[in-house]
Amino acid sequence: MAVLKAQPSQIRHPKAWLFTVARNLALNRLKTRRSRTEEADIEAIADPAPSVLSSMLENEDGALLWRAYSMLPAKDREMMDLYLDNDFTYRQIARILGRSEISVRVAMHRSRKQLRRLLRSLEG
């Protein structure tokens with residue numbers, strides 16, 4: 001910490017220096033509190049209601065959709081599970097998977113497109 005390393009002889013304006021140190025500490029505290037809250041929110045989301053994906057099996061169209069969904073690569077299914085079942089945002093999914101938000105958005109778009117193609121091939 002800069003406070004512990006500072007030499008009193010090097011501080012020209014002690015009041016201004018002390019104010020700056022206090023301000024920086026307060027901002028650091030806010031940043032860590034905010035980031036911990038977001039992580040806690042991600043872990044706290046647990047919906048006991050039936051998931052979107054499991055409810056697909058209840059009718060014929062849903063069963064067909066489930067079949068097409070199960071044909072997607074595992075990484076795409078994992079991303080869609082996080083989005084559909086857990087209602088995570090793209091930013092939260094990116095953090096969980098260790099990717100950028102843009103790459104998650106692009107991957108979700110491509111996964112939906114591939115799912116549409118699979119549905120068409122299974123129907124026809």
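The values are calculated or read from the model by the stated rules, or taken from the named source; none is laboratory data. Computed from a predicted model, the values in this text were never measured in an experiment. Quick reminder, even Gly has a Cβ in these numbers, built from the backbone with ideal geometry, and neighbours come from all protein chains shown.
Out of S51, S55, I need the residue that is closer than 30 Å to S121 by Cβ, at pLDDT below 85, among the small types (G, A, S) and not in a helix (DSSP H, G or I). Which one? Checking each option against the conditions leaves just S51.
Quick check on the stretch 82-97. Is at least one of its residues loosely packed, with under 11 Cβ neighbours inside 10 Å and either without any contact (Cβ under 8 Å) to a residue 24 or more places away in the chain or of a type in the set (K, R) (or both)?
No, because not a single residue in the stretch 82-97 is loosely packed, with under 11 Cβ neighbours inside 10 Å and either without any contact (Cβ under 8 Å) to a residue 24 or more places away in the chain or of a type in the set (K, R) (or both).
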